[in-house]
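The values are calculated or read from the model by the stated rules, or taken from the named source; none is laboratory data. All values reported here derive from a predicted model rather than from experimental measurement. Cβ placement follows ideal geometry from the backbone for every residue including glycine, while neighbour counts extend to all protein chains displayed. All accessible areas refer to the heavy atoms of the entire protein, side chains included, with ligands and DNA or RNA removed. Shrake-Rupley method; radii C 1.70, N 1.55, O 1.52, S 1.80 Å.
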Amino acid sequence: MNPIPPYPGRHLPRPSMLSGAALLLCATLLLAISGCETDQPASVAATTLDPPAVTTSIATTATSISTSSAATPTVDPYADQALIDHIEWTVAIDGPRLLVFPTPAGRNTTFPGSEDRAWQEVLAQSAAADTPGMRDQFVCHWHWARMVAPNKPSWNLEPWRPALDYQAIVQAGCNPGGPER
């Protein structure tokens, strides 16, 4: 059977959807088969909400489709730049709130461990931020808010929110204990 070459107007499945679905299926099967070392049941371990590690880029033309994976940087391109511009403590209807204003470097870096360096920059500006649950709220914003709302001026962290585990904070949209008011 000869494959039919793609041509303009022909609808083919999007490679990003196929590769993402295949990757998720393979990861789920691998975890289920391997009996991985975790304290969580296999069904929970396979559905963790860690941020995606690989970005897939799609380039299309009328005659070809190619995909490439962005590699994790091995050298921090923002090593000499601040990741947090400034912070500001305010009081909202529910209590104190820390507004964290990332720099352009903080919004764009994908270097592994950069969230730890950024959190240290927050603590250097205000040691009062080091309360239960605040770091996990920050990491949630670092990984998820940068994707969902990349131009949001500040990330708002509240020390009065319940100190839950990271997965519960992600499931609560980075705001455990209720919506931001």
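Kindly list the number of the only condition in (1) part of a helix (DSSP H, G or I); (2) closer than 26 Å to Tyr78 by Cα; (3) free of Cβ contacts under 8 Å to residues at least 24 places away in the same chain that fails for Arg107.
In the conditions (1) part of a helix (DSSP H, G or I); (2) closer than 26 Å to Tyr78 by Cα; (3) free of Cβ contacts under 8 Å to residues at least 24 places away in the same chain, Arg107 misses (3) alone.
Taking only pairs six or more apart or across chains, which ones have beta-carbon atoms under 7 Å, a first residue in region 77-97 that is within 22 Å of His143 (Cα to Cα), and a second residue that is assigned to a loop (DSSP other than H, G, I, E, B) and acidic (Asp, Glu)?
Filtered contacts from region 77-97: Arg97/Glu158.
Can you name every residue in region 99-124 that is in contact with an Asp or Glu (Cβ under 6 Å, 6 or more places away or on another chain) and either within 15 Å of Asn156 (Cβ to Cβ) or acidic (Asp, Glu) (or both)?
We begin by selecting, within region 99-124, every residue in contact with an Asp or Glu (Cβ under 6 Å, 6 or more places away or on another chain); these are 99, 101, 103, 111, 123.
Within region 99-124, Leu99, Phe101 meet the criteria.
Whether any residue in region 158-165 is assigned to a strand (DSSP E or B), under 17 Å from Leu98 (Cβ atoms) and not acidic (Asp, Glu) is what I want to check.
In the first step, residues of region 158-165 are kept if they are assigned to a strand (DSSP E or B); the result is none.
No, region 158-165 contains no residue that is assigned to a strand (DSSP E or B), under 17 Å from Leu98 (Cβ atoms) and not acidic (Asp, Glu).
For region 73-101, give me the residue count where each residue is surrounded by 15 or more Cβ atoms within 10 Å (Cβ to Cβ) and β-branched (Val, Ile, Thr).
Selection size over region 73-101: 3.
Could you check how many residues of region 124-157 are touching a His at 6+ places or on another chain (Cβ under 6 Å) and over 17 Å from Leu99 (Cβ atoms)? Give the steps one after another, and end with the answer.
Residues of region 124-157 touching a His at 6+ places or on another chain (Cβ under 6 Å): 155.
Within this subset, residues satisfying the condition of being over 17 Å from Leu99 (Cβ atoms) are none.
Residues that pass the stated criteria total 0.
Kindly check whether there is at least one residue in region 141-149 that is farther than 20 Å from Leu83 by Cβ, assigned to a loop (DSSP other than H, G, I, E, B) and at pLDDT below 95. Step through it out loud before you land on a result.
To start, the set of residues in region 141-149 that are farther than 20 Å from Leu83 by Cβ comprises none.
Within region 141-149, not a single residue is farther than 20 Å from Leu83 by Cβ, assigned to a loop (DSSP other than H, G, I, E, B) and at pLDDT below 95.
What pairs can you find where one residue is in region 146-161 and surrounded by 14 or more Cβ atoms within 10 Å (Cβ to Cβ), the other is β-branched (Val, Ile, Thr), and their Cβ atoms are less than 7 Å apart, with a gap of 6+ or different chains?
Cβ pairs passing all conditions: Ser154/Val100; Trp155/Val100; Leu157/Val100; Pro159/Thr131.
Identify the residue in region 124-142 that is open to solvent by less than 40 Å² (accessible area, probe 1.4 Å) and either over 19 Å from the mean Cα position of the chain (by Cα) or not aromatic (Phe, Trp, Tyr) (or both) and, among all such residues, is nearest to Ser114 (Cα to Cα). Before the answer, list the steps.
Going residue by residue through region 124-142, those that are open to solvent by less than 40 Å² (accessible area, probe 1.4 Å) are 126, 129, 133-134, 137-142.
After this cut, where a residue has to be either over 19 Å from the mean Cα position of the chain (by Cα) or not aromatic (Phe, Trp, Tyr) (or both) as well, the list is 126, 129, 133-134, 137, 139-141.
Numbers: Ser126: 19, Ala129: 18, Gly133: 19, Met134: 17, Gln137: 15, Val139: 10, Cys140: 13, His141: 13 Å.
My answer is Val139.
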